[in-house]
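Trainee: Okay, here's the structure, questions in a sec.
Only the coordinates and a few stated rules stand behind these numbers; no lab work does. In this text, all values refer to a predicted model and were calculated from it rather than measured experimentally. Ideal geometry is used to build each Cβ from the backbone, glycine not excepted, and the neighbour counts take in all protein chains shown.
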Amino acid sequence: MRWLIEIGADVDKRADFDEPVLSIAIAGGDIRVVRLLLELGADTRHGNLLHCAAQRPNQSEGAELIDYLAQTGLDTNAHRHNNPVALKQRLGTTLFTPLHVACRKGNVPAAKALLQHSADPDRMVLELCQPVPPSVKEMARETGDKEMIALLSRAAKGRL
């Protein structure tokens, strides 16, 4: 990775849907690559990074990344692909928040990190730019994930 960057690879190059290399690394790459990209100043304003961290296979790494990224000012309630580049191509699809993604993946550490940074468990998904069910709470009930339901209940009571 360092060699590619040394010979001119752009750490902020974006592909379809406004997703940079960093989002791909966060979603499933080696944590050392993620850290290197962040150390080199990769732009964190693009690519649904919180969503990618919420789906990361190593849940503790995902939660750590969420904490870091949320502290940079990323919106924990943003809907995936809700940017001018991706929205044109994804308008007919359901757009989830990072907390929805964590809930769907059963990723309690990521959900907890998102909730600690003001993620809204009552936020709905977007379809055709309109909020529609399910909220994260409804999704957790539908999946029957007792641990996620308990976490969301504690969050509602201000006891994370």
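Trainee: Using the Cα centre of the chain as origin and beta-carbon charges of +1 (Lys, Arg) and -1 (Asp, Glu), tell me which of Ala42, Thr93, Ile7 is placed farthest towards the positive end of the dipole.
Mentor: After comparing all options, I get Thr93.
Trainee: If I model a spin label as a point 7 Å beyond the Cα along the Cα-Cβ vector, how far apart are those points for Asp16 and Gln130 in nm?
Mentor: In this crude label model, Asp16 to Gln130 measures out at 2.7 nm.
Trainee: Quick check for me: using +1 on Lys/Arg Cβ and -1 on Asp/Glu Cβ, what's the dipole size of segment 24-76 about its Cα centre, in debye to the nearest 20?
Mentor: Dipole about the Cα centre, nearest 20: 100 debye.
Trainee: Which lysines have a Cα less than 20 Å from the Cα of Lys146, not counting those fewer than 8 places away in the same chain?
Mentor: Counting by Cα, and skipping residues close in sequence, Lys146 has these lysines nearby: Lys105, Lys112, Lys137, Lys157.
Trainee: Oh, and also: Ordered by packing density, taken as the mean number of other Cβ atoms within 10 Å over each peptide's residues, highest first, how do 150-159, 24-33, 96-105 rank?
Mentor: Order by mean packing, descending: 96-105, 24-33, 150-159.
Trainee: Compute the relative contact order of the chain as a whole-number percentage, counting only Cα pairs closer than 8 Å that sit 6 or more residues apart in sequence.
Mentor: Once normalised by length, the contact order is 18 percent.
Trainee: What number, in percent, do you get for the relative contact order of segment 1-64 if the mean sequence gap of Cα pairs under 8 Å and at least 6 apart is divided by its residue count? Intermediate results must be reported in sequence, preceding the final value.
Mentor: Values: 60 pairs, mean separation 20.0, N = 64.
Averaging sequence separation for qualifying contacts and normalising by length gives 31 percent for segment 1-64.
Trainee: Among Ile24, Ala140, Gln55, which residue has its Cα furthest toward the positive end of the charge dipole of the chain, with +1 on Lys/Arg Cβ and -1 on Asp/Glu Cβ?
Mentor: Ala140
Trainee: Starting from the 7 Å offset along Cα-to-Cβ, what nm value, one decimal, do you get for the label separation of Ser118 and Leu4?
Mentor: The answer from the label model is 3.5 nm.
Trainee: Using helices alone, what [θ] at 222 nm do you get for the chain, with -39,500 (n - 2.57) per DSSP H run of 4 or more residues, divided over all residues and rounded to the nearest 500?
Mentor: Computed ellipticity for the chain at 222 nm equals -14500 deg cm²/dmol.
Trainee: May I pose another question? How big is the dipole moment of the chain about its Cα centre under a simple scheme where the beta carbon of each Lys and Arg is +1, that of each Asp and Glu is -1, and everything else is neutral? Debye, nearest 20, please. Could the numbers behind the result be given before it?
Mentor: Values: 20 positive and 20 negative charges, 93 e Å.
Its charge dipole is roughly 440 debye.
Trainee: If you don't mind, there's one more thing I want to ask. Rank by packing, highest mean first: peptides 66-75, 111-120, with packing defined as the count of other Cβ atoms within 10 Å averaged across residues.
Mentor: Details: 66-75: 16.7, 111-120: 22.0.
Sorting 66-75, 111-120 by mean packing, highest first, produces 111-120, 66-75.
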